[in-house]
Every structure is written in structure tokens, then in C-alpha cells.
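For reference, the structure discussed in these notes is given below.
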Amino acid sequence: MAEKVYQCTVSAPVNIAVIKYWGKRDVGLNLPTNSSLSVTLSQDDLRTVTTASCSKSFEKDTLWLNGHVEDISTSKRLSVCVEELRSARQGLEKEDDSLDKISQLKLHVVSKNNFPTAAGLASSAAGYAAFTEAVARLYGLPWTPTQLSRIARQGSGSACRSLFGGYVAWEMGELHSGADSVAVQVEPVEHWPEMRVAIMVASAAKKGVSSTSGMQSTVASSTLFQKRVKNIVPERMQAMKQAIRKHDFETFAKLTMTDSNQFHACCLDTFPPIFYLNDTSRAIIRVVENINAAAGKTVAAYTFDAGPNAVVYFLEENSAYVLDTLYAVSRNAQGWEDSERNPTSVKIDDVASETVLSGVSRVILTKVGDGPRLLSSEESLINEDGTLKDA
Ligand code: DP6
């Protein structure tokens, strides 16, 4: 008889930080030098789907990520996550004899993103969050998202924030063990569901300097960074939480833009310097400034991660105004097909307008969304007999 295949399928969201994580105080445990805060994006538009499975017939722990096979034991980050989840399952099996002994079975994990990997779209965040959530559910661990976030953090720092929907803080913690370096929800999506997001893809290529090595160089050489982590981020975290609680978009937007600018200033202050923004990114900053100047108040906010793609936040009530202008400067980009736009009344800088027009290839329109979802067996990436679907 064929061996039984246990499996579970989930999806997890992308998150985009508005107070940036940049710098590790402990590389092994992936502990940050500062707390950070993000908005979770809707899985209706961007998500990682992951099926975790285990069976006696599997020979080694394996991951298929967007079709590429990886031996889990050769990735330190993946192994750390698997070891912790497995030993938690083992604990449950010791306590309760009626549970199937699945902790010793090898894992097959299949994961797919519906967006380009390593495009600066925080794919590692959704990826490790989905991985952690899928294995934890396969093992039936009665853990809270905060407890799971401690595991996902060790895979990729920003992943810990993708275990919640809405507005999420990663509190840096104080303990050497990292036990208190976890994600907590600041507010759920329902608190401020009007938050809208336009991602302007300036390059879908793999980023030049990885976050991990970039951070290390910044910690080692930037003096501006020292001031940022000690004096600036702690206050900004408080101010950002307040702004979210009070639905204060102007404060939210100003903090978002200044924090993105300061993160990239720290990159420039790194020696040798790191450049993530390109001419298109800077032109988008100009266009957002044009939008806010014409509105007479801050209605749109840009932020950039470790790559040139812009993420623009705005509220539903200003959607038409903001999007008409973004459309005017990126009308040739993929992604506008379903959107009916009017001519913009905003006076846009000519050079910026041309630069964005030739530099942005794709636009993704989305909004704030919920946390990881448990999917039905129909959405599984693995057949009942353990073979891969679409393989
Ligand atoms: C710029 O989470 O990718 O997106 O912990 O080394 O995997 P590792 O880094 P990662 O860094 C993300 C950095 C950022 C800012 C942020 O998301 O807060």
C-alpha cells in the first residue's frame, strides 16, 4: 500500500515597511538593531502559496521554490526553521500518544509566488512566513502568530511581520536569546482598511547587493546609522503607531517618506556606498512631491526597500487623484488595463515625467490586507500521492 501523505496548504502576504529594518545585532539569530513597522498587502494581489507535506516515502527534506529544487539541509536559514518546528511537534507527540508520529518524517515543501522573486518586493518575507505557517499547521502546533514570528524571523527578518495582517510592528527585543524579538499587530486591517498601495516596478531584476550583506556593511561603517538606531527609530516607532491608531495619514506619510529617505541615506553613508535607488526611483519621488504640492497637503507617500521599485501609499478617498497622476507618468506600464483613468490636473515636472514613463514597466495596484490564510486541498501544490502538481 502507498504510504500516507500528510499535507497542508497556506498563503502568506507581502509586507512593506514604513519604518525600515536595516541592521543586525546578531547575525546568527537574525536579531535587528532596531524595531520596524510595516503594512501587510492584500493577498488577492500578491501572495506566496505554500504546501508542506510529509510522508514515510520521502527521502530528504526538500523545497521546490518557483520550480527550483533545494535541499533544505543545505540552507542554514531553512534548516533552523525546520528544526524548531519539528522539535515542537516532537514535544506534542511525547505528550499525546494518540498523535501520528510525523515529526521524524521527511518534509516536501512546494512554494510559489505570484510576483517576481528578488524584485525588491519582499518575496523572502512572504516566502518564509508561508513556509513557517504551512509547516506549523501541518504539525498542528497551537502557536500564536507572535510565537510563529520568532521562527520566521530566523529565516528572514522581514518575514516575521508577514504573520499578521494590517499594521504590524517587529519589536527588536532585548534578550540575547532573541525570544522577545517578535512581531505584534499594531492594528488589524479593519481598523484602517482605506489604505491603498501602488507598486511601481522600476526593475524586476534580482537586486545588486543583498539585504543581508548590505546591512552588515552599514552596521560596520555608517556613523549616520548609529544615530538612526539609537535616537531616531525609537521615537518614530511611537509616532507611527500613534498615527495609525488615529488614522492620521499626513503623519503616517511624512514618517514613511522620511524613514525611507534615511534608510537610503544610511546606504549612501556605508563604505563602500550602496545604491538601491535609480533615476526612475528619484523621478517617482519628484512626482509624489508634485502630487502633494498640487493637493496642498500630503495625500501620497513613497517608500523604497533594497531595490529601485517604489511603493506609494495613499487613502481610498484620494485614489482617483493619485492614480490619475501616476497613470499619466506610467501609462505604458503593464497593470493599468483594468483601471479607467482621467487626465490629471497635477503639474508634473517634465524630466521626472519622461524618466518614469521610460523606467516603469509594471504597476501593481493593491491595498492593506489580512494575515496568512489556510487554503483548501484544491489549492494544494501537491497531489494526494505526494507527487508535485504541474510538474
Ligand atoms: C529594506 O528581511 O530581506 O526590506 O533578515 O537578511 O533576510 P534578512 O533581510 P530582509 O531585509 C529587509 C530589509 C528592507 C526593510 C524592511 O523590510 O524592513
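Is there a residue being open to solvent by 20 Å² or more (accessible area, probe 1.4 Å), farther than 30 Å from residue 335 by Cα and not in a loop (DSSP other than H, G, I, E, B) anywhere in the stretch 26-36?
yes
What pairs come up if the first residue lies in the stretch 1-18 and is at pLDDT below 95, the second is open to solvent by 50 Å² or more (accessible area, probe 1.4 Å), and their beta carbons are under 9 Å apart, counting only those six or more places apart or on different chains?
Close Cβ pairs (under 9 Å, with a partner that is open to solvent by 50 Å² or more (accessible area, probe 1.4 Å)) amount to 2/57; 2/385; 3/56; 3/57.
Just wondering, is there one or more residues in the stretch 131-139 that are more than 12 Å from the ligand (Cβ to nearest atom), free of Cβ contacts under 8 Å to residues at least 24 places away in the same chain and β-branched (Val, Ile, Thr)?
Looking through the stretch 131-139, none of the residues is more than 12 Å from the ligand (Cβ to nearest atom), free of Cβ contacts under 8 Å to residues at least 24 places away in the same chain and β-branched (Val, Ile, Thr).
Among what's in the stretch 142-160 and is open to solvent by 10 Å² or more (accessible area, probe 1.4 Å) and touching a strand residue (DSSP E or B) at 6+ places or on another chain (Cβ under 6 Å), pick the residue that is farthest from the ligand (Cβ to nearest atom).
Checked the stretch 142-160; the qualifying residue farthest from the ligand (Cβ to nearest atom) is 146.
Output the residue which, of all residues in the stretch 122-163 that are assigned to a loop (DSSP other than H, G, I, E, B) and under 20 Å from residue 22 (Cα atoms), is nearest to the chain's Cα centre (by Cα).
122
If I ask for residues that are modelled with pLDDT of 95 or more and of a type in the set (Lys, Arg), which ones from the stretch 348-374 would you list?
367, 373
Identify, by number, the condition in (1) away from the ligand (no atom under 15 Å from the Cβ); (2) open to solvent by less than 10 Å² (accessible area, probe 1.4 Å) that residue 273 doesn't meet.
Every condition holds for residue 273 apart from (2).
What are the pairs, 6+ residues apart or on separate chains, where a residue within the stretch 174-201 that is on the phi > 0 side of the Ramachandran plot has its Cβ under 9 Å from a residue that is in a strand (DSSP E or B)?
Filtered contacts from the stretch 174-201: 178/26; 178/31.
All but one of (1) open to solvent by 10 Å² or more (accessible area, probe 1.4 Å); (2) out of contact with any helix residue (DSSP H, G or I) (no Cβ under 8 Å at 6 or more places or on another chain); (3) assigned to a loop (DSSP other than H, G, I, E, B); (4) not acidic (Asp, Glu) hold for residue 21, so report the exception by its number.
The failed condition is (2).
Identify all residues within the stretch 65-89 that are assigned to a helix (DSSP H, G or I), within 16 Å of the ligand (Cβ to nearest atom) and crowded, with 19+ Cβ neighbours inside 10 Å; write none if there are none.
78, 81
Scanning for something surrounded by fewer than 18 Cβ atoms within 10 Å (Cβ to Cβ) and within 26 Å of the chain's Cα centre (by Cα), does the stretch 349-358 turn up at least one residue?
Taking every residue of the stretch 349-358 in turn, none turns out to be surrounded by fewer than 18 Cβ atoms within 10 Å (Cβ to Cβ) and within 26 Å of the chain's Cα centre (by Cα).
I need every pair where a residue in the stretch 230-259 that is touching a residue at least 12 places away in the same chain (Cβ under 8 Å) has its Cβ under 9 Å from the Cβ of a residue that is among the acidic types (Asp, Glu) and assigned to a helix (DSSP H, G or I), sequence separation at least 6 or different chains.
232/259; 233/259; 236/259; 240/259; 243/250
Counting only residues that are over 26 Å from residue 213 (Cβ atoms) and part of a strand (DSSP E or B), which one in the stretch 1-12 is farthest from the ligand (Cβ to nearest atom)?
5
Within the stretch 100-119, does at least one residue satisfy the condition of being under 26 Å from residue 178 (Cα atoms) and either assigned to a helix (DSSP H, G or I) or open to solvent by 30 Å² or more (accessible area, probe 1.4 Å) (or both)?
no
What are the residues in the stretch 183-213 that are within 14 Å of the ligand (Cβ to nearest atom) and of a type in the set (A, V, I, L, M), if any?
183, 199, 209
Pairs please, first residue from the stretch 325-339 and part of a loop (DSSP other than H, G, I, E, B), second anywhere and open to solvent by 10 Å² or more (accessible area, probe 1.4 Å) and among the polar types (S, T, N, Q), Cβ atoms under 6 Å, 6+ apart in sequence or on different chains.
Hits for this filter: 333/361.
Which residues, taken from the stretch 210-227, are out of contact with any helix residue (DSSP H, G or I) (no Cβ under 6 Å at 6 or more places or on another chain), modelled with pLDDT of 95 or more and surrounded by 20 or more Cβ atoms within 10 Å (Cβ to Cβ)?
215
Going by what's in this entry, would residue 40 be described as buried (at least 24 other Cβ atoms within 10 Å of the Cβ) and under 14 Å from residue 110 (Cα atoms)?
So residue 40 does not fit the description; no.
How many residues are touching a strand residue (DSSP E or B) at 6+ places or on another chain (Cβ under 8 Å) and away from the ligand (no atom under 16 Å from the Cβ) if we restrict to the stretch 30-62?
The total comes to 18.
The values are calculated or read from the model by the stated rules, or taken from the named source; none is laboratory data. Given the structure is predicted, the values throughout are model-derived calculations rather than measurements. For neighbour counting, all protein chains shown are included, and Cβ atoms are generated from backbone atoms with ideal geometry for every residue, glycine included. For the accessible areas, the whole protein counts, side chains as well, though only heavy atoms, and no ligand, DNA or RNA atoms are used. Shrake-Rupley method; radii C 1.70, N 1.55, O 1.52, S 1.80 Å.
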